[in-house]
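Reviewing the structure listed below.
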């Protein structure tokens with residue numbers, strides 16, 4: 001129930017979400033479930049930042065996508081002797097350059 005309530009709160013406008021988020025953080029802290037207790041405390045600490053994110057309609061999806069590309073590139077590049085080569089490959093993959101190799105279409 002706590003998870004679904006939080007999901008519904010985050011879909012609200014910032015004005016509606018403000019009191020609901022405070023109540024959710026208190027309920028989660030008192031739930032006795034270790035993961036929710038920690039999350040409730042964190043949400044209580046970061047309440048203002050969360051509401052600002054809701055107001056602006058921001059998401060961390062793009063950041064997570066880039067992070068996933070970097071992790072995948074590091075796994076592919078396992079065994080590089082020179083860290084600069086790995087950094088260069090990450091920059092190529094995440095930089096948005098569309099290079100056409102000779103002889104390929």
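The numbers here are math on the coordinates, done by the rules we state, and not lab data. Every value quoted in this text rests on a predicted model; they were computed, and no experiment measured them. Counting neighbours? That spans all protein chains shown, and the Cβs are built from the backbone with ideal geometry, glycine included.
If R0 equals 35 Å, the separation of the Cβ atoms of residue 1 and residue 68 corresponds to a calculated FRET efficiency of about 0.70. With one equal scatterer per alpha carbon and no solvent term, the Debye-computed log10 I(q)/I(0) for the range 42-92 at 0.13, 0.16, 0.28, 0.32 1/Å reads -0.52, -0.62, -1.03, -1.15.
Output the peptides 80-87, 50-57 sorted from most to least packed, where packing is the average of other Cβ atoms within 10 Å over each peptide's residues.
Packing order, densest peptide first, comes out as 50-57, 80-87.
Computed from label points 7 Å out along Cα-Cβ, the spacing between residue 55 and residue 93 is 3.8 nm. The candidate values were (1) 60, 28, 22; (2) 119, 45, 7; (3) 49, 33, 26; the one computed from these coordinates for Cα extents along the principal axes in Å carries the label (1). For the chain, the relative contact order is 18 percent, taking Cα pairs closer than 8 Å that sit 6 or more residues apart in sequence and dividing their mean separation by the residue count.
For the chain, find the longest principal axis of its Cα atoms and tell me its angle to the long axis of helix 47-56, 0 to 90°, nearest 10. Tilt of helix 47-56: around 60 degrees. Specify the inter-centroid distance of the range 82-101 and the range 1-33, based on alpha-carbon positions, in whole Å. Using only Cα atoms, the two centres lie 42 Å from each other. The angle between the Cα long axis of helix 34-45 and the main principal axis of the chain comes to about 90°, on a 0 to 90 degree scale. Helix 83-94 axis versus longest C-alpha principal axis of the chain: approximately 70°, rounded to the nearest ten.
Using 0.36 nm per residue and subtracting the Cα-Cα separation, the extra length available between residue 22 and residue 104 on full extension is 23.9 nm.
Taking each residue as 0.36 nm, the span from residue 14 to residue 80 lengthens on full extension beyond its C-alpha to C-alpha distance by 19.0 nm.
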